[in-house]
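Read the structure below first, then the notes.
Each reported figure results from applying straightforward, stated rules to the coordinates on display, with no laboratory input. Note that the coordinates shown come from a computational prediction; the quantities given were computed from them, not determined experimentally. Methodologically, a virtual Cβ is constructed for each residue, glycine included, from the backbone with ideal geometry; neighbour enumeration extends over all protein chains shown.
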Amino acid sequence: MKHLLIALLFFILSSASAQVNILPFAEATKQGLTYKKLDSLYRGARKFYEGTQEEYVKEENALLRRKSQIARKIFGVQTVPAGIMYHLYASKTGTFDYLLYEIRGRISPESEKALVDSLRTLLDNYRFGVKIISSHVSSHYMNLGLIRTVPKGDSIISSIEAAKSTNRPDTVKILALNQLELKSVPDVIYRFPNMRELNLSNNELKSVTIDLSRLPKLRQIWLNTNQLSDSSLHLSKNKTLQILNIQGNHFTDIPQAVKNCRRLKSLWMGYNNLTALNQKSFKKMRRLQDINLYSCGLKSIPKGIVKLRRLEVLDVYYNELATFPSSISRMQKLQQLALSHNQLTLLPSNLGKLRKLQTLYLHHNRLEKLPNSIGKLRSLQILDIGYNQFSALPNEIGYLQRMEEIDMSYNNLSEVPAPIPHLRQLKKIYLRENPVAQDAQLRERSKAIVQVLEGNDIQVSY
């Protein structure tokens, strides 16, 4: 009943005010508006808009651009990077109720106030182009101002003018043409036969064709944050390119151009709406070691991903995964698995077969238990299961003898799990916002375990 009253109070407050409430995370917590509580109130199982996903993504991207324009106008070109991480809560009427934020980096109080005031004006007057039928929450990170970051050195060129005028193109290793509002790939790139890195990110490219046979030393290409689509990227067949970043474009599947890169090791495709991803999408990519599918609208992971037997890093943060395929156990070289910010309620029972796994991120899901096979992950060093629904952990957790850090914050633990003191390499344990961290009597029950941990110089954070 208490939780129902709290929920009702929040929604009454939200509907009573037509203006968005903008607060730093710390200030919101002091007022009882923790984002855990707000997330639970605004994040529902039902779809929160009418129309197609493409229509909503288009609308959301338009709003993101408006906010980025505001930040660029206020902060201009930043020499010291700064950004804002925020959670945005929308009501079922399509208006915004809350924006909770945290500034990353240093900005003046005056600039922060100007940003907050401008965002408030934008959000108070914004109306969705699609019909909102349910309240919801979204999380974002936004750079404050235009931050053109280019490496410095004798072998680096960062402008078209310099690329055309240099009389020593053979010495250039990095060509950084990012954030120059380019609408096409300049032919000047072919002046540099020894170039190892080509950065064309954050431009206005709608089509890209690069003949890698003319750039035999090229190892990295950055095309993130452009306007590329499935059929507009063309890379000639090659055995040289190793890293390709095409995040933040308009891809719906892994383009054929990727498969022309026979020795590609890292592929970053986050922030694309990968609606056409299927079992065949991962063919001819067997050398891949690192793939990023961050915030791609994925509701499932095609089983064909297990063809990537050399994969060491798999990142699928901020998707809509309710399940994860048990065939993941075939990826024996996997070292980092990032499944946070999804809708997972269960993990594969054979997860323990990933014997080389060192880092496992599971925070912000709906998990209530870990599989008993977790104890077989003998290489595991970092485990983050925060923001779930755990009330207990299996005894097998005590077998993780290489574990250095475990985060169990924001769960339902009424005691410190008994196997924890057996983790001999443990350095940090986080228990924030669990019953055991908030209730004095429950803390007393776990006092002996905590004393053992602290006696071993293990940092216990409540």
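3J(HN,Hα) along segment 335-351, derived from phi through the Karplus expression 6.51 cos²θ - 1.76 cosθ + 1.60 where θ = phi - 60°, amounts to 10, 9, 10, 10, 10, 5, 6, 10, 10, 5, 10, 8, 10, x, 5, 9, 4 Hz, with x in place of Gly and Pro. Counting Lys and Arg as +1 and Asp and Glu as -1 over every other residue whose Cβ lies under 15 Å from the Cβ of Ile458, the net charge comes to 0. Placing +1 on each Lys and Arg Cβ and -1 on each Asp and Glu Cβ, with no other charges, gives segment 156-461 a dipole about its Cα centre of roughly 1840 debye.
Counting Lys and Arg as +1 and Asp and Glu as -1 over every other residue whose Cβ lies under 11 Å from the Cβ of His140, the net charge comes to 0.
Exceedance of the 21 Å cut-off in Cα-Cα distance is limited, within the set Lys152/Lys259; Lys183/Lys284; Lys47/Lys131; Lys30/Lys427, to Lys152/Lys259; Lys183/Lys284; Lys30/Lys427. Cross-link pairs exceeding 22 Å in C-alpha to C-alpha distance, out of Lys217/Lys265; Lys36/Lys356; Lys237/Lys265; Lys36/Lys369; Lys265/Lys333; Lys37/Lys73, comprise Lys36/Lys356; Lys37/Lys73. Between segment 210-245 and segment 324-359, the alpha-carbon centres lie 30 Å apart. Net charge in the neighbourhood of Ile174 (other residues with Cβ under 13 Å of its Cβ; Lys, Arg +1, Asp, Glu -1) is +3. Only beta bridges with both residues in the chain are counted; by DSSP, about 25 percent of them are antiparallel.
DSSP beta bridges confined to segment 16-143 are antiparallel in about 80 percent of cases. Loop-resident GluC sites (Glu not before Pro) (DSSP state other than H, G, I, E or B) in segment 178-269 with no more than 10 further Cβ atoms inside 10 Å of their Cβ: Glu181. For Kirkwood radius over Cα pairs in Å, the value calculated from this model appears in [x] 23.9; [y] 24.5; [z] 22.6 under label [y]. Whole-Hz Karplus values for segment 265-277 come out as 9, 10, 10, 10, 10, x, 6, 10, 8, 7, 6, 9, 4 Hz, taken residue by residue from phi with 6.51 cos²θ - 1.76 cosθ + 1.60 and θ = phi - 60°; glycine and proline positions read x. Computed from phi, the 3J(HN,Hα) profile of segment 218-226 under the Karplus parametrisation 6.51, -1.76, 1.60 (θ = phi - 60°) reads 5, 10, 9, 10, 10, 10, 5, 6, 10 Hz, with x in place of Gly and Pro.
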